[in-house]
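Notes to accompany the following structure.
FYI, it's all coordinate maths here, none of it is from the lab. Not measured: the values here are computed from a predicted model. Cβ atoms come from the backbone with ideal geometry, glycine included; neighbour counts cover every protein chain shown.
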Amino acid sequence: TPPEKENPLIPKIRTNGNIKFDNVTFFYDGTEKPALKGITLDIHAGSTVALVGTSGGGKSTIINLITRFYDPTEGKVILDGIDLREYQLHWLRKNISLVLQEGFLFWGTIRENIRYGRLDASDSEVEKAAELAYAKDFIDTLPHGLDTPLGERGISLSGGQKQRIAIARAILKNAPILILDEATSALDNESEVKIQKAMEQLSADRTTIVIAHRLTTIRKADKIVVMKEGTIAEFGNHNELMEKQGEYYRLHNAHELGI
Ligand code: ADP
Ligand code: MG
């Protein structure tokens, strides 16, 4: 994480979630090949954007710049018209929910893991979030329900269950920007459908950027960004990109999108 500005901007309101990349080039330290090359991208407030493309294309790097784990080497990432570097980091992070593959759960109870999304949430808010994340059904089968401990002295959850806990946490946080890294691990059909529904629930009315591995997610996205070798190879929705018969079409037909 880069250092904070001396007098950072702390808006009194939440972000609208309008994100722009303005000619962004990025090199990881000590590398000679840019991870991103001259990226210009407009993500409209409230829309869902799916990042796709083969490994090493730059999808995670896009996320790393939006969350300010790194700053661009050249160019700007702009939020609501202002360079991301102007904002207080704490304010920025409050405005973003991150749901990464299999979440990061810690050794506490399920309730504590969900409440981590917003520490002052009431028990009933935690329960509601678990329900909206389609996690209630499996939690109810556990010996101590929400108070079941995870980790060494507790139980271990499946990948799909972990992801639903992470989604419940994000629902509780209720941030205007949502970043999802979809699990690539194969899930049973029931978990798959539930996770899909939970994600839809979560992404409604917020700017959502998803590293998408599932065709259902990709098809429903407002815009698809096809990343290739640090550049945007194609941009459009599913139908537009299929009609174009370019890179997306090729990945789609080679079953390299979705699993
Ligand atoms: P994707 O998420 O699409 O697989 P990444 O954004 O992770 O792609 O990677 C883009 C490029 O940056 C790749 O060439 C990758 O090897 C490189 N890269 C990613 N992370 C690092 C890092 N921490 N240090 C150096 N190079 C990295
Ligand atoms: Mg990645």
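Numbers below:
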| quantity | calculated |
| --- | --- |
| Total residues in segment 197-240, condition charged (D, E, K, R) and either surrounded by 16 or more Cβ atoms within 10 Å (Cβ to Cβ) or over 17 Å from the mean Cα position of the chain (by Cα) (or both) | 9 |
| Among residues of segment 64-94, those that are aliphatic (A, V, I, L, M) and either within 16 Å of ligand 2 (Cβ to nearest atom) or under 13 Å from Val24 (Cα atoms) (or both), counted | 5 |
| Among residues of segment 174-195, those that are away from ligand 2 (no atom under 16 Å from the Cβ), in contact (Cβ under 8 Å) with a residue 40 or more places away in the chain and more than 24 Å from Leu79 (Cβ to Cβ), counted | 3 |
| Given (1) at negative phi; (2) touching a Ser or Thr at 6+ places or on another chain (Cβ under 6 Å), index of the condition Asp80 fails | (1) |
| Options Thr54, Thr48, Thr61: the member that is crowded, with 18+ Cβ neighbours inside 10 Å, closer than 28 Å to His238 by Cα and within 16 Å of ligand 2 (Cβ to nearest atom) | Thr61 |
| Sole residue being within 16 Å of ligand 1 (Cβ to nearest atom) and farther than 11 Å from Tyr134 by Cβ, chosen from Ala204, Ala175, Ala166, Ala212 | Ala212 |
| Tally of residues being surrounded by 23 or more Cβ atoms within 10 Å (Cβ to Cβ), among the charged types (D, E, K, R) and touching a strand residue (DSSP E or B) at 6+ places or on another chain (Cβ under 9 Å) across segment 160-181 | 1 |
| Flag if Lys12 is assigned to a strand (DSSP E or B), basic (Lys, Arg) and away from ligand 2 (no atom under 16 Å from the Cβ) | no |
| Identity of the residue in segment 26-43, farther than 18 Å from Val226 by Cβ and away from ligand 2 (no atom under 15 Å from the Cβ), that ends up nearest to the chain's Cα centre (by Cα) | Phe27 |
| The one condition in (1) touching a Ser or Thr at 6+ places or on another chain (Cβ under 8 Å); (2) among the aliphatic types (A, V, I, L, M); (3) touching a residue at least 60 places away in the same chain (Cβ under 8 Å) that Ala198 fails to fulfil | (1) |
